[in-house]
Amino acid sequence: MWPAGRSLQTVSWAGEGVVRQQKREGRRWQTRNVSPVAVIDTVNVGRRAPNPYKKALDTGIGKSPVDGPVEVRAPGPKISGLGSGVVGDFIGDGLHHGGDEQAVYAFQREDLDAWERRLERTLPNGFFGENLTTRDLEVNEARVGERWRVGTDVVLQVTMPRIPCATFRGWVGEPGWAKWFTAVGRPGAYLRVITPGSMRAGDPVEVVHRPDHDVTISLVFRATTTERDLLPSLLAAGDDLDPEIREDVHARRLIELD
């Protein structure tokens, strides 16, 4: 249940070694990131389990941290590919999830902490279905096309925001969850695997390429879910913009949430 007296209009996000103050001015979140040190807090995988929220489909949304190194590779196309880019991670709905453009999902620990305060419940790493729980990395302000080096081997590329689906809504189990998650506009990022390899908890994350545009994960999410007037601004990303999102822009079409 959403705590009485709590508002989404002003949110403070704080973690070890980092302070983020976000204030909503008009319809835009402003972020201040103090610490430059970014790390993978945990790498998480989901095992196959029955999905009570989508009939005839299993799910891997319930992810847990893994000890030791985990291999990542490009999984290939949706449906006919390997599903997740993280070896050992299960994707149930291969029509809408997984594949090369959604190979890995990252969500920052600081935002899980903020949701814990809002929901007054414990949210362990992996609970939002993320493969990478990060610390001191502003995931939502990453630009589409941005590249991260994780550890010494892996290079990942930011592609698009996560869209809350029926499984996510049912899994979290909070009334109005999709509405609240969307209103905050901090969905986390999907990533493409550019260079495969292994990664593990504690690996540093370095931004090795940042495109010369201002189309961030947060902007793409807002434009495609609730703020249609922002859609044209996404074209500034050029070839970094996902082709399906580009089609939505030209059609001025918002994504229908489950």
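Numbers below:
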read-out: Residue, farthest from GLU71 (Cα to Cα), within segment 143-175, restricted to residues that are among the basic types (Lys, Arg) and part of a strand (DSSP E or B); value: ARG143
read-out: Residue list for segment 79-116, filter: of a type in the set (D, E, K, R), farther than 21 Å from TRP171 by Cβ and in contact with a helix residue (DSSP H, G or I) (Cβ under 9 Å, 6 or more places away or on another chain); value: GLU101
read-out: Identity of the residue in segment 46-96, basic (Lys, Arg) and buried (at least 16 other Cβ atoms within 10 Å of the Cβ), that ends up nearest to THR167 (Cα to Cα); value: LYS54
read-out: Tally, over segment 157-175, of residues that are among the hydroxyl-bearing types (Ser, Thr, Tyr) and modelled with pLDDT under 95; value: 1
read-out: Residue satisfying condition, being within 17 Å of GLY197 (Cβ to Cβ), over 14 Å from the mean Cα position of the chain (by Cα) and modelled with pLDDT of 95 or more, within set ASP100, ASP113; value: ASP100
read-out: Segment 174-218 - residue that is without any contact (Cβ under 8 Å) to a residue 60 or more places away in the chain and closer than 30 Å to GLU120 by Cα and, of those, surrounded by the most Cβ atoms within 10 Å (Cβ to Cβ); value: PRO187
read-out: Helices (runs of 4 or more DSSP H) (entirely within segment 176-256) containing at least 3 residues that are within 16 Å of the chain's Cα centre (by Cα), modelled with pLDDT of 95 or more and of a type in the set (A, V, I, L, M, F, W, C); value: 177-184, 217-225
read-out: Odd one out for GLU16, checked against (1) among the acidic types (Asp, Glu); (2) at pLDDT below 80; (3) within 19 Å of the chain's Cα centre (by Cα); value: (3)
read-out: Considering residues of segment 30-82 that are under 20 Å from ARG109 (Cβ atoms) and among the acidic types (Asp, Glu) only, the residue modelled with the lowest pLDDT; value: ASP67
read-out: Any chance ARG228 is under 27 Å from LEU112 (Cα atoms), among the basic types (Lys, Arg) and either in contact with a helix residue (DSSP H, G or I) (Cβ under 8 Å, 6 or more places away or on another chain) or in contact (Cβ under 8 Å) with a residue 12 or more places away in the chain (or both); value: no
read-out: Segment 117-135, subset hydroxyl-bearing (Ser, Thr, Tyr) and surrounded by 21 or more Cβ atoms within 10 Å (Cβ to Cβ), residue nearest to GLU174 (Cα to Cα); value: THR133
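The values are calculated or read from the model by the stated rules, or taken from the named source; none is laboratory data. Please read these numbers as outputs of a predicted model, since none were measured by experiment. Ideal geometry is used to build each Cβ from the backbone, glycine not excepted, and the neighbour counts take in all protein chains shown.
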